[in-house]
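One structure is given here, and the rest of the page talks about it.
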Amino acid sequence: MLFTQIFGVSTAHISVAGAIVCLILFTLQRFLTVRRTGRERKASIAISKEKDKAKTDLPYLLQFPPSRRHVLATLPGSEKEDVQAITPEMLKSQALPTVTTPDFDKDGFYTPTGFSTQDIRKLGRFPDYAALSGVRDPHPVPENWDITKAKFRPYRPFRWGYHQHMALMKYDPDWWVELTSSYHTTMATRHALLAQHGSKILFQNPCASHACRELMEMVLSFLCNRYPQHFSLSSDQTLFHNHLLSTTTHLLQTDPLQVLFDNVPEDYAIMMCNESDGLYYLRAAIVCSSVGWYASQHRDAPLKSIHTHVPDYESKMAFSMDRWFSKLSTDALVSRCSWGLEDWEAFHTSPDPDAVSGDMEWTRSAFKGREDEVTTKDIKLRCDAQTLRRMPVSGAVVFNFKAIFWELEELREEKYVPRLLAKVLREGKKELMEYKCEEHVRRVAMRACEEWAEEQVEKGWVSREWEVGTLEESPFFPGWEGKWRGEQGF
Ligand SMILES: *[C@@H]1O[C@H](CO)[C@@H](O)[C@H](O)[C@H]1NC(C)=O
C-alpha cells in the first residue's frame with residue numbers, strides 16, 4: 001500500500017515528492033552493492049535470492065542493524081557494566097512493540113539497535129548522540145556565515161548515460177539540516193499549512209514517542225552545534241532558545257514533533273520495524289512539501305509494497321530492499337537529490353480528501369486549461385534534497401527532505417547544464433519524464449535549454465563535441481562553488 005496510492009492515480013497526479021520518496025526507497029538497496037565488486041555483488045544477490053526462496057515467509061524477522069549497545073561502556077558515568085550485544089532471537093522475542101503501545105517503564109524490552117528499556121531510561125534526555133550513533137557532531141558554520149545571505153547549494157542532479165542509477169551519496173554530517181535566508185518565509189508557509197491541514201501533515205503513533213523524542217533531541221543538538229549564534233539550550237536542557245524567531249520552547253511540555261515543526265524548516269518521516277514481520281512502517285511524520293499527496297495517506301503503511309508503479313521498475317530488481325533497510329547501520333548517512341520541473345512554486349499541493357468522490361479536482365499545473373501560455377519565465381526547477389539515517393537508540397529510520405526551487409533561467413549561465421537537461425528532457429524515458437514534469441512544461445523547458453546550450457557553444461564555454469553525460473561534479477556543475485559563494489558573498 002505504501003505510496004502506491006500516489007502511483008495508482010493518473011499521471012497528472014503523480015507527485016514529484018512522492019516519486020522521490022519511492023525512488024529513494026527503491027534504490028536504497030543498491031547502495032551497499034555499489035561499493036562491492038561485481039562478482040561479490042552477483043554472488044550476494046544470488047545468495048539472497050536463495051535465502052529469500054528458502055524462507056518465503058517473514059525472512060526479515062531476525063535481521064537487525066549492527067548493535068550500538070557496546071557504546072554504553074564508553075559513556076561517562078557507566079561502570080564497565082555488562083554491555084554485550086543482544087542476540088537477534090532476543091531482539092525479536094523481546095522487541096519493544098510497535099503494533100501495541102510500548103511500556104518504557106517495563107524492563108527487558110529492546111530496540112532494533114540493541115538497547116533495553118532500562119538502557120533508555122538510564123540514558124535519559126540528550127545523551128551523547130555522536131558516540132551512540134558513530135556520527136560526529138557538526139562543525140559550526142564559518143565566522144562570516146550570514147543567514148540573511150545564505151543560499152542552498154545549486155543542486156542540478158541531472159543524469160544521463162545510465163538508467164536507474166540513483167546516485168546515492170554519503171553526506172557530510174555538517175549538512176544534515178541546512179538553513180538559508182529562506183528560513184523565516186519557509187517557517188511561515190509551513191505554519192500556515194499546518195493550520196490548514198493539521199493531522200494530514202503532522203501525526204505520530206504512540207509507538208513512535210521515543211523515536212520522536214530522540215529525533216527532536218538529535219536535531220536540536222545539531223542546530224546548537226552548527227548554528228550556535230542562532231540556537232541554544234538551557235544548561236539543564238529543558239529550554240530551547242531560537243534567536244531567529246525570538247522564541248523559547250519548553251521541551252518538557254511540548255510534543256517533540258511540534259518542537260521540530262516550530263523550529264526546523266524541513267520534513268521528517270519516521271519508519272519503524274514491525275515486530276510481527278520485521279518490516280518497516282511509517283509511524284510518524286511532518287511532511288509539508290508534498291505535491292499530489294499528503295503524509296497521512298500513508299500512515300502505518302509498509303515500505304514493502306512500493307514496488308508497484310515506479311516507472312522503469314524492473315521486477316528482477318525486486319530483491320531485498322527490506323533486507324537492506326533492516327540492516328542499515330546508524331553511521332550510514334545516505335543522501336540523494338531528485339528533481340522535477342513545475343510551472344509555479346509548487347511547495348505543497350494535495351487532493352482534498354473531503355472533496356466529492358472520484359477525481360479529487362487536483363491539478364499539478366497552475367495553468368490548467370491554458371497550458372500553452374506557459375513561458376520559460378514561469379518554469380521552476382524543484383529539487384528535493386533528501387537524507388536518510390538510522391537513529392542510534394530507538395533504531396527507527398528517519399527520512400528527511402526539503403524542497404528547493406530555482407528559476408529555470410538560472411541554468412542559462414551554468415556551464416554544461418542546459419545541454420544535459422535538454423538531452424534528458426528530449427530523450428529520457430517517457431514514463432520517467434512524466435514524473436518529472438508535465439508535457440507542456442517539458443516542451444517549453446526543452447526548447448529553452450537547447451537554445452541556451454547553443455549559446456554556450458557559441459560563447460566557447462562548451463565544446464560542440466562534448467558527449468553529453470552525467471557531470472563529474474554531479475549533483476552540481478563545473479564552477480558551482482564560485483557561483484554559490486559569489487551570490488552569498490562568503
Ligand atoms: C505488523 O505486521 C503484521 C504482520 O505482517 C501485520 O499483520 C500488521 O498489520 C502490522 N502492523 C501494523 C500496525 O502495521
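The values are calculated or read from the model by the stated rules, or taken from the named source; none is laboratory data. Note that the structure is predicted; figures quoted are calculated from it, not measured. Don't worry about glycine lacking a Cβ; one is built from the backbone with ideal geometry, like all the others, and counts go over all protein chains shown.
Provide a single number: the residues in segment 416-437 that are surrounded by 17 or more Cβ atoms within 10 Å (Cβ to Cβ) and basic (Lys, Arg).
Residues in segment 416-437 being surrounded by 17 or more Cβ atoms within 10 Å (Cβ to Cβ) and basic (Lys, Arg): 3 in total.
Collect the residues in segment 79-128 that are more than 16 Å from the ligand (Cβ to nearest atom), assigned to a helix (DSSP H, G or I) and of a type in the set (D, E, K, R), keeping them in residue-number order.
Within segment 79-128, Glu89, Asp119, Arg121, Lys122 qualify.
If I filter segment 246-275 down to residues being closer than 20 Å to Arg125 by Cβ and assigned to a loop (DSSP other than H, G, I, E, B), which single residue comes out as nearest to the ligand (Cβ to nearest atom)?
Asp255
May I ask you to list the residues in segment 50-70 that are modelled with pLDDT of 55 or more, over 27 Å from the mean Cα position of the chain (by Cα) and either more than 16 Å from the ligand (Cβ to nearest atom) or buried (at least 19 other Cβ atoms within 10 Å of the Cβ) (or both)?
Matches in segment 50-70: His70 only.
Could you please find all residues in segment 276-291 being over 16 Å from His210 (Cα atoms) and either within 9 Å of the ligand (Cβ to nearest atom) or polar (S, T, N, Q) (or both)?
Scanning segment 276-291 gives Ser276, Asp277, Gly278, Leu279, Ser289, Ser290.
Could you check segment 151-173 and list, in sequence order, the residues that are at pLDDT 80 or above, among the aromatic types (Phe, Trp, Tyr) and within 22 Å of Lys423 (Cβ to Cβ)?
Tyr155, Phe158, Trp160
Would a scan of segment 235-246 turn up a residue that is more than 24 Å from Ser289 (Cα to Cα) and buried (at least 19 other Cβ atoms within 10 Å of the Cβ)?
yes
Are there strands (runs of 3 or more DSSP E) fully within segment 163-245 with at least 2 residues that are touching a residue at least 60 places away in the same chain (Cβ under 8 Å)? List them.
Because the criterion is at least 2 residues that are touching a residue at least 60 places away in the same chain (Cβ under 8 Å), the strands (runs of 3 or more DSSP E) in segment 163-245 that meet it are 202-204.
Please find, within segment 369-413, the residue that is nearest to Asp174 (Cα to Cα) out of those that are in a strand (DSSP E or B) and acidic (Asp, Glu).
Checking each candidate, the answer is Asp384.
Can you tell which of His191, His184, His230 is touching a His at 6+ places or on another chain (Cβ under 8 Å) and within 23 Å of Cys288 (Cβ to Cβ)?
His230
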